[in-house]
Structure formats: C-alpha cells, structure tokens
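Derivation of every value follows stated rules applied to the coordinates shown; laboratory data play no part. In this text the structure is predicted, and so the values were computed from the model without any measurement. Positions of Cβ are generated from backbone atoms using ideal geometry, with glycine treated the same way; all protein chains shown enter the neighbour counts.
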Amino acid sequence: MSDDRNLTRTHSHVATRDRSLILGQKGAVIWLTGLSGSGKSTLAYALERRLIGLGKLTFALDGDNVRMGLCKDLGFKPEDRNENIRRIGEVASLFAEAGLLVLTSFISPYRADRIAAKATSKGDFIEVYLDVSVDVCEKRDPKGLYKKARAGEIANFTGVSAPYEEPASPDVRVNTDELTVEQCVDKIVDHLRERGQFDVSSLRAEAAQEEAERAQS
Ligand SMILES: Nc1ncnc2c1ncn2[C@@H]1O[C@H](COP(=O)(O)OP(=O)(O)O)[C@@H](O)[C@H]1O
Ligand SMILES: [Mg+2]
C-alpha cells in the first residue's frame, strides 16, 4: 500500500507468534487510566516487578518520563493530550508486537483517545481503570499538584479544571482506596492468567500444524 508521501509498508518475515513462543507469553498493552494520584505509577511499577518475578518480559511506560522525552514538545491542551496519547499508543503497540507485556500509566482522560489507542494496538489491549474519587486523590496529592491546581497555578488540571471521562467497560477495575497495592496487582495478574496471556500452548499447536502442512506440500 502506498500514499501521496511515497511510503510503502514493508513486512517482517517473523510473526508475532514466533516471539510469543520464545517468550512464553502473549504480548499485550496493559493500559492504566485514572486521575492524577489514583496510583497508576505505583501500581505499574509494582506490577512490573511482580511480572518480572514470574519470568514475564515487561516494560513500563510512565507519564512524566515520556513527557520528558518522546513527548517533550507537548503540553496539556486538549490537542496536545490527544497527540501524547496517540504517540504512546503507537509505541506501546510496537512493544506488544515485540512480545512484551507493556504497562502504560497515563491519566488518558479522554475516552476517544483510549478507544483510538486500543484500535492502534495490534495485539491485546487491556484497559485497567483505577477507580477512585477526586477527593481521595486530592488528599493523597503525592506531587502537590492538586494544591497548585486549586491555587490556580496549573491550568487544565484533570479532575479540577479539566474533565476525566470514565471508561464505560474497563477490562479490570481497581479501587485503590479499598485495595492495597499488592491486592490490586493480584487482581490484574489474575485477569492476565484468566485471559490466557501466559498460555502459549494453542500458539505452539498452531505452529506445529502449519509446519506439518508445509512438510506435506
Ligand atoms: N492500592 C493502591 N494502588 C496504588 N497507589 C496507592 C494505593 N494505595 C495507596 N496508594 C498511594 O497513592 C499514591 C499514588 O500516586 P501515584 O502512583 O504517583 O499516582 P499517579 O501515577 O496515578 O498519579 C501513592 O502515594 C501510593 O502510595
Ligand atoms: Mg504517575
């Protein structure tokens, strides 16, 4: 396929399945969404540790870190937030295609942006909603941002002066006010097991079947 910039897509000779079989896992984007202070970074890093401990290749993409590099040209206006999430969706999809369990921790306040990130993702996309009230987040205020936003020092602050659109049907919902970090991690890992993220037996059978067909032809 080509377009008016004379671009032509090329195709790898390696299938995502081949990488999954090496890694013993199916790659996925695990997309954490929630207000500032809801616990996305805390949970992503705890989950990353747990998954690595289970021998699963994992990588966490975190909000502020990405804004210091890949997205350092972007601010917090709606169109910049859209572009921020678009880039992260693309990068996360590449990591997942490489076979990793990618953890993304971004407020990602707009439903349409999350839906677009899911559509971009070539593999599994698992939406995890950190469901906790603005009040709780504001009491935690780990970075002192709510205080600044209330004082009018930060414009467009989600939950204070900018909207947060709740996911309609997240794959996993964790209330970080009621559950400890480890309980939240348990809930997400249980979900990954249930959906077969660590089970590559059907992929192995599929590969063997294709190999047998090739040998016959
Ligand atoms: N169950 C939980 N999961 C995640 N964070 C929690 C939980 N319970 C309490 N916290 C606390 O909430 C704060 C969340 O901060 P942070 O992870 O930086 O949020 P975010 O990345 O969403 O802005 C931390 O101080 C963390 O210790
Ligand atoms: Mg964070």
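Taking 0.36 nm per residue of separation and subtracting the current Cα-Cα distance, fully stretching the chain between ILE22 and ARG214 would add 67.0 nm. Out of ALA149, SER169, GLN197, whose Cα points farthest toward the positive end of the dipole of the range 135-199 (charges: +1 Lys, Arg; -1 Asp, Glu; placed on Cβ)? The listed residue farthest towards the positive side: ALA149.
Length gained on full extension, THR42 to LYS143: 35.1 nm, using 0.36 nm per residue less the C-alpha separation. Listed peptides 181-188, 44-51 appear in the order 44-51, 181-188 once ranked by packing, highest mean of other Cβ atoms within 10 Å at the front. Counting only the Cα atoms, the range 38-161 fills a convex hull of 111 Å³ per residue. Compute the helix-to-body angle for 40-53: its Cα long axis versus the longest principal axis of the chain, expressed 0 to 90° and rounded to tens. It works out to around 30 degrees.
Every helix of 4 or more DSSP H residues in the chain counts as -39500 (n - 2.57), and over all residues that averages to -14000 deg cm²/dmol at 222 nm.
Placing +1 on the Cβ of every Lys and Arg and -1 on the Cβ of every Asp and Glu, with no other charges, gives the range 58-205 a dipole of roughly 340 debye about its Cα centre. With the simple model of a label 7 Å out from the Cα in the direction of the Cβ, THR180 to ASN6 spans 6.2 nm.
Amide H contacts under 5 Å for ALA162: PHE157, restricted to partners 5 or more places along the chain or on a different chain, H placed in the peptide plane at 1.01 Å from N.
A crude spin-label estimate for the pair ARG111 and GLU194, with each label 7 Å from Cα along the Cβ direction, gives 2.3 nm.
Annotation: the antiparallel percentage among DSSP beta bridges lying fully within the chain is about 5. Under a 5 Å amide H to amide H cut-off, with H placed in plane at 1.01 Å, what residues pair with ASP124 once short-range neighbours are removed? Result for ASP124 returns VAL29. Would the chain count as rounded, prolate or oblate if I go by the C-alpha gyration tensor, calling it rounded below 1.5 in a/c and otherwise prolate when a/b exceeds b/c, oblate otherwise? In terms of gyration-tensor shape, oblate.
The alpha carbon centroids of the range 76-93 and the range 135-204 are separated by 18 Å. Based on the alpha-carbon gyration tensor of the range 1-108 and its eigenvalue square roots a ≥ b ≥ c, which shape applies: rounded if a/c is under 1.5, prolate if not and a/b is larger than b/c, or oblate? It is oblate, given that a/c is not under 1.5 and a/b is not larger than b/c.
For the range 90-95, backbone phi angles converted through the Karplus equation (6.51, -1.76, 1.60; θ = phi - 60°) give residue-by-residue couplings of 5, 5, 4, 5, 5, 4 Hz, Gly and Pro being listed as x. With the dipole of the range 16-211 worked out from charges on the C-beta (+1 for Lys and Arg, -1 for Asp and Glu) around the Cα centre, which of ILE188, THR120, PHE106 lies farthest toward the positive end? Result: PHE106, furthest along the dipole toward the positive end. A Förster radius of 25 Å, combined with the Cβ-Cβ distance separating SER169 from VAL136, puts the computed FRET efficiency at roughly 0.65.
In this structure, the amide hydrogen of LEU61, modeled 1.01 Å from its nitrogen in the peptide plane, lies closer than 5 angstrom to those of LEU103, THR104, SER105, counting only residues at least 5 positions away or on a different chain.
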